[in-house]
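Take a look at the structure below.
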Amino acid sequence: MAEVRWIYDLTIFLYAASVLFYFNDFLQSNQKVNRLAFGLLVVVWALQTVFFVSQTVMKAYFPVITLFETLFFYSWVLVSLSLAIHYFFRIDLLVFFTNIIGFVVLVMSMFMPETPIVAVSSVLSSELLLTHVTLAMFSYGAFSLSMIFSSMYLLQHKMLKERRWSPLLRRLPSLDQLEGYAYRMNMLGVPMLLLSIVLGIIWGKMVLPEKFLLDTKVVLSVTVLASYSLWLYQRYRDTVQRRRLAQWNLLAFLLLLINFLGANTYTFHSWW
């Protein structure tokens, strides 16, 4: 990794600059600053892609196995989604909030030990497991956006209720749009997470002890899937207030974070 470490370090520096410029635009609504922030974000995405491809070539497997690798890939997914959002929807606030999460995730990866190339066995680098992790990360990206949409929904709902007519309110999409976007992101995330869990179980039955289904990580993953599936069911039935659904969405994402970051230490996922 030493040969391309400078790419990783430069990425973090430019990502920090991009987030700061987006924050300035958030406070002052400056289009020149916004364009500069977006330009830096494009460079960040390009550097992340180069680093990721170089890691793939050096390690001879798709690098989403260790916690360092998955955090980096999760950050790349968030940057990619934010660029797509900017291109198709032009929701600048969503791009800003998404990249706050993406930057925090990337910084967290700095503190994770990078596993030597020879330390990853053929069992851990199997295509089934790599597909399982990749689908999980893309579902996490979709759920992250859904959480941000719900947060923006709750913020706008509160501002409207309190009759706070600020410039920020004018930059937010309507409540119906925010709720609809959150719904679409969950519609994308749930099937990807379901398929990820199914592939993980198939892989586990091939290489792990029979009782692996009682593992904390597995139980929490199924719980996360159930939480979002029930959210979709309640949204379909339209029996729960939209504000309550937004709050539910935030709690489901909190459970997802606990599962992603907190459930690895005491499980068979501890190879991370």
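The values are calculated or read from the model by the stated rules, or taken from the named source; none is laboratory data. Remember, it's a predicted structure, so these values are computed and weren't measured experimentally. Cβ sites come from the backbone with ideal geometry, for glycine too, and all protein chains shown count toward neighbours.
Tabulated data
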| read-out | value |
| --- | --- |
| Qualifying residue in the range 19-29 (condition: within 16 Å of R90 (Cβ to Cβ) and of a type in the set (F, W, Y)) | yes |
| Test: residue in the range 175-198 that is modelled with pLDDT of 85 or more, more than 18 Å from the chain's Cα centre (by Cα) and closer than 24 Å to T216 by Cβ | yes |
| So R163, is it without any contact (Cβ under 8 Å) to a residue 40 or more places away in the chain, within 18 Å of S80 (Cα to Cα) and not hydroxyl-bearing (S, T, Y) | no |
| Matching entry among F68, F96, F13 (being in contact with a Ser or Thr (Cβ under 9 Å, 6 or more places away or on another chain) and either in a loop (DSSP other than H, G, I, E, B) or farther than 27 Å from Y153 by Cβ (or both)) | F68 |
| Residues satisfying the stated conditions in the range 31-65, i.e. surrounded by fewer than 21 Cβ atoms within 10 Å (Cβ to Cβ), small (G, A, S) and not in a loop (DSSP other than H, G, I, E, B) | G39, A46, S54 |
| Residue that is modelled with the highest pLDDT [pool: residues in the range 213-272 that are farther than 19 Å from P191 by Cα and of a type in the set (G, A, S)] | A246 |
| Single residue of L178, L160 found to be within 30 Å of S29 (Cβ to Cβ), surrounded by 14 or more Cβ atoms within 10 Å (Cβ to Cβ) and not basic (K, R) | L178 |
| Selected residue (criterion: farthest from D176 (Cα to Cα)) from residues of the range 225-265 that are surrounded by fewer than 16 Cβ atoms within 10 Å (Cβ to Cβ) and of a type in the set (K, R) | R237 |
| Residues within the range 180-235 that are of a type outside the set (D, E) and not in a helix (DSSP H, G or I), tallied | 2 |
